[in-house]
Amino acid sequence: MTQQKKVIIIGSGLGGLSCGAILAKNGYDVTVLEQGVQVGGCLQCFSRRGAKFETGMHFIGSAAHGQTLDKLMRYLEIDKTVTLSQLDPQGYDVVALGEKKYAFANGREAFLKQMTEYFPSQHDNLVRYYDLIEEIANASSLHSLKYADSDSPLNMEYQLRSINAVIEEVITDPLLAKVLVGNLPLYAAEKDKTPFATHAFIMDFYNQSAFRVKGGSDSIATALMGTINRYGGEVLTRKKVTRIICDDTHAVGVEVNGKDTLPCDIIISDAHPMRTLELLDTKLIRPAFRKRINHIPQTVGGFSVYLHFKEKTVPYLNYNYYGYQGDTPWDCERYSPESWPKGFLYMHFCPEGDTQYASTGVILSYMQMADVEQWKGTKVGRRGQDYEDFKREKAERLIDVLEEHFPNIRTQIQNYYTSTPLTYLDYTGTEGGSMYGNAKDISLGSACRVPQRTKVPNLYLTGQNINSHGMLGVLVGTIVTCSELLTAKTIYEQIKEANE
């Protein structure tokens, strides 16, 4: 156990809270600083007129007993306070392309059987595809939680090959190749750019098992706060870090709310890397590094319509539904005012009690920051009537599209609320209102990578931009960051011990 060193963590998203939990468990004196009134980042929920809505973490995977996320939840000591509800194992994801719907079943054999029924001539190719997915996932020590000094060269190869190039090489039916990427909104992949490894990790994660969090994803944030508190740490809200204070050699503390100074030994930032660099005025960070970080492309933003249904009118949907206006899930981020939305993701909130009927749900579609750029710099709730009209027009159009897939759904909606890329920017600080932060582009290679270690010796980064977004992606990034202080081997041994 290390001596008590003071750690300040900037931001209370999943990355910040999970880093805080691990370090507090290992004897560090942890303080998490959150600028808002509510902790959790994309784990946050909000309520309107008695209805509750999730903002980002709508479902998770690999959480069945003994699977990767289950092991991590036990290690973080949140498995007993976070209650999960499994999505339909025979079809946790449903992709609608053309006139047909395709269900994704959990588990290797069920997945292959289901897809072969849709595409009988592709059985052998589907086996090759699934073998490759499993091989890539298992080759990653972080995703498989099997300690290794370095990852297999296999992962490096598929970090440099695009999703569509690999799938089209393995799958000879063009329609099946499109169906297999029907869940693109989960990671905002782009054709010819996003690495196949990203697709492989996400498919493996959810194909093992898929769950929603009963009562809302904010229970994950509450549980992680509980772990931090049990080990002597604290999470403080309304504490905006306005500067990271450095001397000639390292960081010595942070300035909070523009006036108070908090000294510390170590700083971990869960903020977007660009936001973190804005807090630093030191020669330790070279201009070339700032330039590289500032030029990493971002994933597309999102427009969400949060639906409050009339009581007992909408049966609970125990799966996620992906709908497309055209014949492909690709290029939905490239639209004209007339063609928007090209696709959408539709999900229901899982209540704590009875799940016969849904109380709330969400429709999510891509939206570029350029669409709302004219209101950038305005404050929440004070953007003007033209902004409200813009949101209403987009929401009505998105509900019209949903109605084509779920007839009469409009008559079952009591109220709805919206968010745009500006909302993401205001509440999460992601550059350009991006849904998932930094994008991965095979043409840029390592230039897209954000290191967990900075040139300020005691300043580290964590969160979705270190590895990937989503619960597993962020927790993998947490392990990478905390390994700088504890070593990876120590963390793997602790995870193993927590699951014995």
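The values are calculated or read from the model by the stated rules, or taken from the named source; none is laboratory data. All figures in this text were calculated on a predicted structure; none of them were measured in a lab. Here the Cβ positions follow ideal geometry from the backbone for every residue, glycine too, while neighbour counts run over all protein chains shown.
Could you count how many residues in the stretch 265-290 are within 24 Å of the chain's Cα centre (by Cα), more than 18 Å from Val252 (Cα to Cα) and of a type outside the set (D, E, K, R)?
Residues that pass the stated criteria total 4.
Is it the case, given these coordinates, that Val37 is touching a residue at least 12 places away in the same chain (Cβ under 8 Å), in contact with a helix residue (DSSP H, G or I) (Cβ under 6 Å, 6 or more places away or on another chain) and not aromatic (Phe, Trp, Tyr)?
no
Met73 passes all but one of (1) in a loop (DSSP other than H, G, I, E, B); (2) at pLDDT 95 or above; (3) not basic (Lys, Arg); which number fails?
For Met73, the exception is condition (1).
Here are the criteria: (1) buried (at least 20 other Cβ atoms within 10 Å of the Cβ); (2) within 24 Å of Tyr187 (Cα to Cα); (3) of a type outside the set (Val, Ile, Thr). Tell me which single one Met225 does not satisfy.
Status for Met225: all satisfied but (2).
If I go through the stretch 40-59 residue by residue, how many of them are on the phi < 0 side of the Ramachandran plot and under 16 Å from the mean Cα position of the chain (by Cα)?
Of the residues in that region, 10 qualify.
Could you pull out every one of the helices (runs of 4 or more DSSP H) wholly within the stretch 195-288 that has 2 or more residues that are farther than 21 Å from Gln452 by Cα and among the small types (Gly, Ala, Ser)?
Where helices (runs of 4 or more DSSP H) fall fully within the stretch 195-288 and carry at least 2 residues being farther than 21 Å from Gln452 by Cα and among the small types (Gly, Ala, Ser), they are 218-230.
State all residues of the stretch 43-70 that are small (Gly, Ala, Ser), buried (at least 21 other Cβ atoms within 10 Å of the Cβ) and outside any loop (DSSP other than H, G, I, E, B); if no residue qualifies, say none.
Result: Gly61, single match.
Taking the stretch 406-440 on its own, how many of its residues are assigned to a helix (DSSP H, G or I) and within 21 Å of Glu311 (Cα to Cα)?
4
Can you pull out every residue in the stretch 332-360 that is touching an Asp or Glu at 6+ places or on another chain (Cβ under 8 Å) and closer than 24 Å to Leu175 by Cα?
Matches in the stretch 332-360: Glu333, Lys342.
Among (1) surrounded by 12 or more Cβ atoms within 10 Å (Cβ to Cβ); (2) more than 30 Å from Arg161 (Cα to Cα); (3) of a type in the set (A, V, I, L, M), there is one condition Val380 misses while meeting the rest; what is its number?
Condition not satisfied by Val380: (1).
For Tyr129, all conditions in the list (1) part of a helix (DSSP H, G or I); (2) out of contact with any helix residue (DSSP H, G or I) (no Cβ under 6 Å at 6 or more places or on another chain); (3) among the hydroxyl-bearing types (Ser, Thr, Tyr) hold save one; what is the number of the exception?
(2)
Could you please find all residues in the stretch 319-367 being within 25 Å of Gln298 (Cβ to Cβ), more than 19 Å from the chain's Cα centre (by Cα) and of a type in the set (Val, Ile, Thr)?
Correct list: Thr328 only.
Which one of Gly384, Gly361 is assigned by TED's automatic domain parsing to the domain that holds Asn320 and modelled with pLDDT under 95?
Going through Gly384, Gly361 in turn, just one is assigned by TED's automatic domain parsing to the domain that holds Asn320 and modelled with pLDDT under 95: Gly384.
Examine the stretch 439-446 for a residue that is among the hydroxyl-bearing types (Ser, Thr, Tyr), more than 30 Å from Asp248 (Cα to Cα), surrounded by fewer than 20 Cβ atoms within 10 Å (Cβ to Cβ) and touching a residue at least 12 places away in the same chain (Cβ under 8 Å), and state whether such a residue exists.
Yes; the residues of the stretch 439-446 include at least one that is among the hydroxyl-bearing types (Ser, Thr, Tyr), more than 30 Å from Asp248 (Cα to Cα), surrounded by fewer than 20 Cβ atoms within 10 Å (Cβ to Cβ) and touching a residue at least 12 places away in the same chain (Cβ under 8 Å).
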